[in-house]
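Here the structure is laid out as structure tokens; the discussion comes afterwards.
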Amino acid sequence: MKKIITNASGSRTIEVTEEHLQTIEQYQLLRDLIDSNGYVDEQVLDKLKLNVRSLLESEAGCDKHLLDLCLDVLYHPNMKALGLQNLYLLFVEWKNQSHANLGTTVRSFQGTPFN
């Protein structure tokens, strides 16, 4: 379990588990989320929330892991743009660690992970 900082002073955090990161990877929630300017702002967070809401509405049987990710991380009251940026960085770090045994890496370009 890792903690991400969600505000500039560092007084607010959100706990992110391995299952949350696996769910992000399974649904590719962070893929193509950030625009070409590379900035993570509240609009990007809103876009992610709308994407997830659409997934939840379209799923015949709601995935418990996706619901947990929403409740614990994405719709957490402390989640702001800085928190999403730190979630991106944590995800990239997690992907690099999980691919270390395979001899591949995940690179980050302007804050977006890509293979």
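Applying a threshold of 8 Å to beta carbon distances and a minimum spacing of six or more residues, or different chains, the list of pairs starting in region 40-52 at a residue that is closer than 15 Å to Y88 by Cβ and ending at one that is modelled with pLDDT under 95 and of a type in the set (D, E) reads V44/D35.
Total residues in region 72-110 satisfying the condition of being modelled with pLDDT under 85, among the charged types (D, E, K, R) and crowded, with 16+ Cβ neighbours inside 10 Å: the figure is 0. Residues that are open to solvent by less than 70 Å² (accessible area, probe 1.4 Å), part of a helix (DSSP H, G or I) and not aliphatic (A, V, I, L, M) within region 52-71 comprise S54, D68, C70, listed in sequence order.
The values are calculated or read from the model by the stated rules, or taken from the named source; none is laboratory data. Every value quoted in this text rests on a predicted model; they were computed, and no experiment measured them. Quick reminder, even Gly has a Cβ in these numbers, built from the backbone with ideal geometry, and neighbours come from all protein chains shown. We work out accessible area using only protein heavy atoms, side chains counted, and drop any ligands, DNA or RNA first. Shrake-Rupley method; radii C 1.70, N 1.55, O 1.52, S 1.80 Å.
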